[in-house]
Amino acid sequence: MQYGLIGEHLGHSYSKLIQEKLIDNYTYEIHPVKKTDLDAFMKEHSFQAINVTIPYKKDVIPYLYRLDDASKKIGAVNTIVNREGKLFGYNTDYYGFDYMVKKHGISFANKKVLVLGNGGASQAIQAVIKDNEAKELLVTDIILSGDVLSIDSVYQNHKDIDIVVNTTPCGMYPHVDSAAVDLSKFTHIEAVFDCIYNPMDTKFTLQAKSLGIPVAVTGLEMLVGQAKRALEHFKDIQIDDREIDRIYREILFETSNLITDCTNSDILNDLSNRLHKEIRFSKQIEKDAIENSLILVVSQEEISTHQEKLISNGFIINGDSANTIIAKFKSAIQKF
């Protein structure tokens, strides 16, 4: 493997799709590594450059020759470059999260911020929040140590949270019915960010939208942003930031479900051929809704009944021709 991603469970990673869109003539591999095999893999380091994800962002540090300033500050690495046998570590999660927050016009200055989770990604996010002069930063986690709070303590004593960031895997595919926090416990949240990118809307962000919270964003933009920065380290190149949004929209278009009540077989077959998506006349809506890249054919009555589940991973689009449906689909992607 020359370039790729290592981690423990990588079955639904978008990293290959994103990385190979950033430049031409480039192959990026998904390479699961068991905990028992990590030591041998890192000592052999038969790669040119890799990304690192859960649960190894801290575990890889002892194998590295040098860390960049962000990695030293955060205590976690997600990008490693092999230069003549010496391994250099970087943290691009910081860049990806900072990009996503600023893209949506949010400032942490003088805000009270709650971060859910205290792992490797959380450390990068906490660094961004501190560097952007938050008034107060609270962290919750299952493991309580130091200044880490329980979520019940936050509910009782900190109802005035301004911004919530989820860095836990709670709500990640396929366990989409869970959320790490109940946002209704707080009085005036202005933004929530979820580092999860699959599904495209989590139970956490869907609740935020139902409560009228102005900004509710999942982590695909962060993922694309950190991938862009990682590739710059991999290849020693510069990539325009505008590529992040272009690729973000392309990934949404390619991986999201199109949900329709259209039953015209000619239209559906045309859509399937042009969008490269499987048609599924959904009889198991709860199950099918969390899959990716489907055309789900669902009656209007069923759409009304299952709407929250359906829109977590798709867009409800109707029309009288494939051209109309695709145009509406693209428009919805641009607005998401």
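The values are calculated or read from the model by the stated rules, or taken from the named source; none is laboratory data. Since this is a predicted model, take the numbers as computed values, not measurements. Glycine also receives a Cβ, built like all others from the backbone with ideal geometry; neighbour counts cover every protein chain displayed. Areas reflect the complete protein model, heavy atoms only, side chains present, ligands, DNA and RNA absent. Shrake-Rupley method; radii C 1.70, N 1.55, O 1.52, S 1.80 Å.
Quick notes on this one:
- Output for the stretch 196-220, where each listed residue is assigned to a loop (DSSP other than H, G, I, E, B), within 23 Å of Gln19 (Cβ to Cβ) and open to solvent by less than 30 Å² (accessible area, probe 1.4 Å): Ile196, Asn198, Pro199, Met200, Thr218, Gly219
- Subset of the stretch 160-187 that is over 18 Å from Lys209 (Cα atoms) and surrounded by fewer than 12 Cβ atoms within 10 Å (Cβ to Cβ) - its residue that is farthest from the chain's Cα centre (by Cα): Asp160
- Residue match in the stretch 313-335 (condition: closer than 23 Å to Lys16 by Cβ and touching a Phe, Trp or Tyr at 6+ places or on another chain (Cβ under 6 Å)): yes
- Any hit, the stretch 273-292, residues being basic (Lys, Arg) and in a strand (DSSP E or B): yes
- Lys330 over 25 Å from Phe204 (Cβ atoms), outside any helix (DSSP H, G or I) and open to solvent by 60 Å² or more (accessible area, probe 1.4 Å): no
- Just one of the numbered conditions (1) open to solvent by less than 70 Å² (accessible area, probe 1.4 Å); (2) within 24 Å of Phe329 (Cβ to Cβ); (3) part of a helix (DSSP H, G or I); (4) touching a strand residue (DSSP E or B) at 6+ places or on another chain (Cβ under 9 Å) is not true of Glu243: (4).
- Ile80 part of a strand (DSSP E or B) and in contact with a Ser or Thr (Cβ under 9 Å, 6 or more places away or on another chain): no
- Within the set Asn78, Asn82, the sole residue that is within 18 Å of Phe234 (Cβ to Cβ) and touching an Asp or Glu at 6+ places or on another chain (Cβ under 6 Å) turns out to be Asn78.
- Every test in (1) free of Cβ contacts under 8 Å to residues at least 12 places away in the same chain; (2) out of contact with any strand residue (DSSP E or B) (no Cβ under 8 Å at 6 or more places or on another chain); (3) farther than 15 Å from Glu20 by Cα; (4) in a helix (DSSP H, G or I) is passed by Gln238 save one, and that test is (4).
- A count restricted to the stretch 281-312 and to residues that are open to solvent by less than 60 Å² (accessible area, probe 1.4 Å), under 22 Å from Ala327 (Cβ atoms) and more than 22 Å from the chain's Cα centre (by Cα) stands at 5.
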